[in-house]
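The values are calculated or read from the model by the stated rules, or taken from the named source; none is laboratory data. Nothing here was measured: the structure is a model prediction, and the numbers come from that model. So basically every Cβ, Gly included, is an ideal-geometry build from the backbone, and we count neighbours across all protein chains shown.
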Ligand code: ARG
Ligand code: ZN
């Protein structure tokens, strides 16, 4: 049964205090919860508690055990009628962490205890109102075997510790801040700890610690450095200071997502903690920096102020992604960061918006809450905050945020509460703007331009349309802010921001005597997350590459040309890439070589995920082949440049920062082109680059290139890599990933049969199944259906073990309706088989929505 936003009612009780006691054993952990409860709602309201996979051992109110007739126990919880107005409820339950393969609630990873409670995992730990608007104070007391689990962590502030009988010990933690249950966390085990301190702006010294596997402490240095920079940035940018004396991070190998912002005890997928030059790529370093920041920033946007209900998820996620993107932009290059964010948005969120799983940033209904952690809620949610800031201006935005923090600290609130703060500080009305939260689908803005040489009048007509999405056919015009400019051929310009709020808008400009036709620059810096439809002739597009002053639009002009070319090649309307066009792209790349990170982005052609959206029906196999053809042509033009860039070997000590990473990005982009070039010597060149590489970034780029070729060089490199890294699971994920990302169904079958393939480890499953189904569309969407069958097989098995994982993989099918007829028929048949299979609730929700 679907949950509706409009059904919200407040919880009729307040939980004033929660005292939890854990007697930790892998197979049978005893959890005692003392809840101090006070009625706040109707006198006859029953006390309803969520609970799942719990074995109730005892239950008492104010010390008196309850007879079975006093409560109703079901699969999903516990209901008590006729409870007093104020009382203490004590329950004892038994749970089995070692059998918890869903990785939700309390589970074991690498022989240690850890938790994941967002969104609804706490109910798998104890009976509780597991909803974000019930906030309480928690204390935790854990007991465990001292030798196996010497470190015992939970939220808040550490308290008493000591030994008890049988070689066991205990630790107490007390969290002074009220929080919802989804922010509860506990970790117990033996770790290596990387420690540091941070002094806050008011002079408080915070003890910081990153807990990792034995022997991995050195690889936690970058995560720690990122944490300290995040703490500083939030003070400087938002005036937000940390609010506890300790901040702990724990890395776990088995984790369903990236990381989790539990109060004072962030738990991370180890992929987003561990890094060093030899084992991690620059992309890994970047991801660690941004995810550490993201989770830290949640302390204010998520924890101190949380969501009233899960429909408001974007309130914390969209806002926090926006904050982490700006942090990364400040740490690195702002334009490069912007381009990367948009690449991701277009490849993932635009695809979601265009398919059967489309939903609004704040959905109004859901079948399974785990399936709402989407690109739309996160990434489009972040874009909406970006537009808000652009409309308000930096200063007013900050005033609104200050008011939000001030007014709602300690509360669980809604998007309306958030916007009320900005309306108050600005005097503006954001009613129309908030359609971004309720209308799904990517708005399309078409542009018509005219120029009258006599009157020197430029006219630009904009028309907007929001495509229909499931359950939403008639859309209202959105408020679309767009930065625009007119640019003359000397690069002079006039810049402004248009608030486009009707279906149609015409802007006219009278230019002074002697003016030539200017370039019209629209949606600069990708102001709004829209699809711009513009019919520009080739000459104007080329002029745009030369004259654009906005780096995003300059890059996008190259992308637009490359997209058209790949589409033409894939449809057979053109046999070979146009020489002049390839020249122009090559010139843009070499022309940007003093900013290698930007040059790398120019050399990266749009990938199939993005091209997919440009033409329906889409033929991923043809698109992939056409893309490779254009890459080969581009390599032909850049050969000398590539030789000289790849020929340089760096003598500097490795540094993960933006400057060196930019240089390596250009090298890896050129390695990618070399791999696609089809040149005879490519295999040998790649193998020697592979052997010469002194860092994982370049090693992996060469390996990826080799993985896509046939022949001895490929086998040599893959065998060498496997032998070297067999005991490092994160690096082995890369080994699986490059093969899955370039191979076909037979490759996937082989990888899934490898002794190191492990259905219980989400990273490993994703390194095969998601790398194939989500990043290798030509392989996955093979017209004979082989790609679907091999992924179906993995999903059916994975879903039994871990429903969240199964459901996430299934989203790869979201585009099936847009495919060419052969693949489409195979995809549909596969979805129908899946529909008939015995899937988890999470997975069944995706399949039924995908089939519509
Ligand atoms: N709040 C976490 C983050 O974005 C992610 C939690 C994911 N939970 C889920 N059920 N998908 O940082
Ligand atoms: Zn988040």
Got at least one residue in the range 250-258 being within 23 Å of the chain's Cα centre (by Cα) and more than 30 Å from residue 799 (Cβ to Cβ)?
no
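Given the criteria in contact with a helix residue (DSSP H, G or I) (Cβ under 8 Å, 6 or more places away or on another chain), in contact (Cβ under 8 Å) with a residue 40 or more places away in the chain and surrounded by fewer than 19 Cβ atoms within 10 Å (Cβ to Cβ), does residue 398 qualify?
Against the criterion (in contact with a helix residue (DSSP H, G or I) (Cβ under 8 Å, 6 or more places away or on another chain), in contact (Cβ under 8 Å) with a residue 40 or more places away in the chain and surrounded by fewer than 19 Cβ atoms within 10 Å (Cβ to Cβ)), residue 398 qualifies.
Per-residue answers, yes or no, for (1) within 25 Å of residue 525 (Cβ to Cβ); (2) within 24 Å of the chain's Cα centre (by Cα):
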| position | (1), (2) |
| --- | --- |
| 391 | yes, no |
| 405 | no, no |
| 413 | no, yes |
| 416 | no, no |
| 432 | yes, no |
Taking residue 449 as the residue in question, decide whether it is over 32 Å from the mean Cα position of the chain (by Cα), surrounded by 14 or more Cβ atoms within 10 Å (Cβ to Cβ), at negative phi and assigned to a strand (DSSP E or B).
yes
Taking the stated definitions as given, is residue 578 over 19 Å from residue 609 (Cα atoms) and surrounded by fewer than 18 Cβ atoms within 10 Å (Cβ to Cβ)?
yes
If residue 369 satisfies every condition in (1) buried (at least 18 other Cβ atoms within 10 Å of the Cβ); (2) over 15 Å from the mean Cα position of the chain (by Cα); (3) within 16 Å of ligand 2 (Cβ to nearest atom) but one, which is the exception?
(1)
Please specify each residue of the range 494-519 satisfying the condition of being in a strand (DSSP E or B) and surrounded by fewer than 17 Cβ atoms within 10 Å (Cβ to Cβ).
494, 495, 496, 497, 499, 504, 506, 507, 508, 509, 510
Can you find even one residue in the range 552-564 that is modelled with pLDDT of 95 or more, surrounded by fewer than 16 Cβ atoms within 10 Å (Cβ to Cβ) and within 32 Å of the chain's Cα centre (by Cα)?
no
Could you check residue 399 against (1) within 16 Å of ligand 1 (Cβ to nearest atom); (2) in a helix (DSSP H, G or I) and say which number it fails?
(1)
Examine the range 523-542 for a residue that is outside any loop (DSSP other than H, G, I, E, B), touching a strand residue (DSSP E or B) at 6+ places or on another chain (Cβ under 6 Å) and over 25 Å from residue 440 (Cα atoms), and state whether such a residue exists.
no
Is it true that some residue in the range 766-783 is over 17 Å from residue 700 (Cβ atoms), touching a strand residue (DSSP E or B) at 6+ places or on another chain (Cβ under 9 Å) and within 16 Å of ligand 1 (Cβ to nearest atom)?
no
Regarding the range 274-291, can at least one residue be identified that is touching a residue at least 24 places away in the same chain (Cβ under 8 Å), more than 13 Å from ligand 1 (Cβ to nearest atom) and touching a strand residue (DSSP E or B) at 6+ places or on another chain (Cβ under 7 Å)?
yes
Show the residue pairs that are 6+ apart or on different chains and have beta-carbon atoms under 8 Å apart, the first residue being within the range 706-720 and closer than 12 Å to residue 686 by Cα, the second being part of a loop (DSSP other than H, G, I, E, B).
707/743
Residue pairs, Cβ under 9 Å, 6 or more apart or interchain, first in the range 99-116 and closer than 11 Å to residue 760 by Cα, second within 16 Å of ligand 2 (Cβ to nearest atom) and part of a loop (DSSP other than H, G, I, E, B). List them.
102/121; 102/256; 103/121; 103/255; 103/256; 109/255
Determine, yes or no, whether residue 242 is in contact with a strand residue (DSSP E or B) (Cβ under 8 Å, 6 or more places away or on another chain) and within 16 Å of ligand 2 (Cβ to nearest atom).
no
The range 235-271, residues that are within 15 Å of ligand 1 (Cβ to nearest atom) and outside any loop (DSSP other than H, G, I, E, B):
249, 250, 251, 252, 259, 260, 265, 266, 267, 268, 269, 271
Would you check if residue 329 is in contact (Cβ under 8 Å) with a residue 12 or more places away in the chain and either more than 16 Å from the chain's Cα centre (by Cα) or within 14 Å of ligand 1 (Cβ to nearest atom) (or both)?
no
Could you tell me whether the range 812-831 includes any residue that is part of a helix (DSSP H, G or I), touching a strand residue (DSSP E or B) at 6+ places or on another chain (Cβ under 7 Å), free of Cβ contacts under 8 Å to residues at least 60 places away in the same chain and crowded, with 20+ Cβ neighbours inside 10 Å?
yes
Given (1) assigned to a strand (DSSP E or B); (2) buried (at least 19 other Cβ atoms within 10 Å of the Cβ), number of the condition residue 102 does not satisfy
(1)
Can you name the number of the only condition in (1) part of a helix (DSSP H, G or I); (2) more than 16 Å from ligand 1 (Cβ to nearest atom); (3) buried (at least 24 other Cβ atoms within 10 Å of the Cβ) that residue 318 fails?
(2)
Does residue 147 satisfy the condition of being within 16 Å of ligand 2 (Cβ to nearest atom), assigned to a loop (DSSP other than H, G, I, E, B) and more than 17 Å from residue 35 (Cβ to Cβ)?
no
Which one of the conditions (1) without any contact (Cβ under 8 Å) to a residue 12 or more places away in the chain; (2) in a loop (DSSP other than H, G, I, E, B); (3) within 28 Å of the chain's Cα centre (by Cα) does residue 442 fail to meet, given that it meets all the rest?
(1)
Keeping to the range 30-57, report how many residues are within 38 Å of the chain's Cα centre (by Cα), free of Cβ contacts under 8 Å to residues at least 60 places away in the same chain and more than 15 Å from residue 14 (Cα to Cα).
1
Just one of 275, 223 is in a helix (DSSP H, G or I) and either buried (at least 24 other Cβ atoms within 10 Å of the Cβ) or away from ligand 2 (no atom under 16 Å from the Cβ) (or both); which is it?
223
Which numbered condition residue 313 fails, given (1) within 15 Å of ligand 2 (Cβ to nearest atom); (2) over 21 Å from residue 370 (Cβ atoms):
(2)
